[in-house]
Every structure is written in C-alpha cells, then in structure tokens.
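For reference, the structure is listed below as structure tokens.
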Amino acid sequence: MKIAFVYPNTQKKESQGAGLIASAVLDAGYTLDFYDEAYTPLTDELARQVGKTYDVILLSALTLNFRAAIKFARRAKEANPNVVTLLGGIHATVESRDVLEHILCFDYICVGEGEEFVVEFLIALEGGDVRDVPGLGYCNDDGEVVINPGLACQELDDLPRYRRELFRDESVVHNYPFPGFVYVHASRGCPYRCSYCANQNYLDLYGKAYLRTRS
C-alpha cells in the first residue's frame, strides 16, 4: 500500500502533530512519502500526480490551511476517484460534521488524537473494512454522518519516535521573526477552556486525561 502524507504548511515550520502521525505510520512498517508545502508547493499538477501514484493520502490541517487541503484532495480525487483520502488535525476534530456533510473530497476523518488511530485505520483498510475504527468519522451508505467513539489518550512516553528529519533544518530551528528556537515536546493539553481555542474540544473528548506530561 503506497501512502502519501500531505502537510499544507503555510508557516514554514515543523509540526509536531503531522510529524508524530507520519512517524507512527513509519513505525508500523509502512512506507510513506512526506510532502511539506513549505518546500514542495501543493500545485494542481502535484495533486493529480499524487492521486494517481498512491493508494492513500493522509492530510493534516489547521483551520487556516483547511482550504489548501480541500483543493489538494479534490484535484487528487479528480485524477483518481479510488484514492482514499483521510483528513486529520484540529479542523477535522472541531468541525467534524460540517467537514463530512459539505466537503465531499475526504472519505474519512480522524476525530481526536491520531497516533494510534492512523495505524488502526491503515490495518483495517488493508483488511477491507474500516467502519469500526475508534475515532473514525465517515458518511455511511445512507449519507448519514457516523463518528465512532475514540481511543483513550495515549501516554506520551508511548508515542512514536518523533522524526524531525521529515522537516528541513530551517523548519526545525526557527530564526524569524524571533531568535532561533526549537520545540521540546514535554507535555500535551491545557486545563483551560478559552473561547477562541480548540483545546476545549479535546477536553470534551478526553476530559482531564487529555492533560499529560512525559515521565
């Protein structure tokens, strides 16, 4: 099974979310090609090429780059209607029903955390039936939105080895507009429910278990 990970990256920096999902796929023994928009423009031609070349396209999108994910998936589907498209990331979690009801270029979405999910999804896809995968969102044969209950939060120590090498060096060490810095992944989650932040959606999904630190 040939898998492409497409990351609409308008900020030219690494994404721990996208990087960890891709790392989980690689740790599970799959081969994966990683397309980072910061250095590989997500053109219509690339989308058509990816659609024809791969069996599965994984996309991760924030709300600010959701339109780029839609455009890419649509072009890929036009080139090959049989390619499987899966959208993950914050927007898919926050606007699950809207994405599935109105954006028809995504076959499936991941609702919630994706490291364990993506491996279960790929295994089930190879087996021919993904409908019972925890955390999966899709439309059934009657056009009804189905969102499966998700997995429990994974301990941070059990996450896959984060492959910074998926990103270019200049994305990992940021120099502009701030002094150079690099991310350290020591915890996940926030206890607050600020009205402008998606964190509240994850607290609704997982409760206090969403707040974790590494040992």
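The values are calculated or read from the model by the stated rules, or taken from the named source; none is laboratory data. Keep in mind that this is a model prediction, so the values were computed, not measured. Cβ sites come from the backbone with ideal geometry, for glycine too, and all protein chains shown count toward neighbours. Remember, those area values only see protein heavy atoms, side chains included, never the ligands or the DNA or RNA. Shrake-Rupley method; radii C 1.70, N 1.55, O 1.52, S 1.80 Å.
What a 1.4 Å probe finds exposed on the chain is 49% carbon and sulfur by accessible area, rounded to a whole percent. For segment 1-51, applying the loop criterion from DSSP together with a ceiling of 16 other beta carbons within 10 Å to the chymotrypsin sites (Phe, Trp or Tyr not before Pro) yields Tyr39. Note on exposure: Lys52, Lys12 ranked by accessible area (1.4 Å probe, complete protein assembly) read Lys52, Lys12, with the most exposed listed first. Note on segment 1-98: with charges restricted to the Cβ of Lys and Arg (+1) and Asp and Glu (-1), its dipole about the Cα centre is near 240 debye.
Between the residues Ala79, Ala28, Leu62, the greatest Cα displacement towards the positive end of the dipole of segment 19-87, with unit charges on the Cβ of Lys, Arg, Asp and Glu, is found for Ala79.
Solvent-accessible area of Thr63, all protein chains in place: 90 Å² (probe radius 1.4 Å, heavy atoms, ligands and nucleic acids excluded). Among complete DSSP H helices in the chain, those whose alpha-carbon atoms stretch at least 18 Å along the helix's long axis and whose mean Kyte-Doolittle hydropathy reaches -0.5 are 66-79, 115-127.
Kirkwood Rh over Cα pairs of segment 105-215 into Stokes-Einstein at 10 °C, 1.306 mPa s: D in µm²/s? Roughly 95 µm²/s, to the nearest whole number. All other residues whose Cβ lies under 13 angstrom from that of His91 are scored, Lys and Arg at +1 and Asp and Glu at -1, for a net of 0. Take Ser215: with every protein chain present and a 1.4 Å probe, its accessible area is about 140 Å². Farthest toward the positive end of the dipole of segment 99-215, out of His102, Val130, Val184, is the Cα of Val184, where the dipole comes from beta carbon charges about the Cα centre. The convex hull around the C-alpha trace of the chain, projected and averaged over every direction, spans 12.1 square nanometres.
Each peptide in 134-145, 64-75 was scored by the mean count of other Cβ atoms within 10 Å over its residues; highest first, the order is 64-75, 134-145. Each DSSP beta bridge with both residues in segment 1-150 is either parallel or antiparallel, and the antiparallel ones are about 25%. Averaging Cα coordinates gives a centre for segment 77-108 and one for segment 142-159; these two points are 16 Å apart. Based on protein heavy atoms only, the chain ends up with 52 Å² per residue of surface accessible to a 1.4 Å probe.
Accessible surface for Cys153 stands near 30 Å², nearest 10, in the context of the full protein assembly shown (1.4 Å probe). The charge dipole of the chain, taken about its Cα centre with unit charges on the Cβ of Lys, Arg, Asp and Glu (plus for the first two, minus for the last two), comes to roughly 720 debye.
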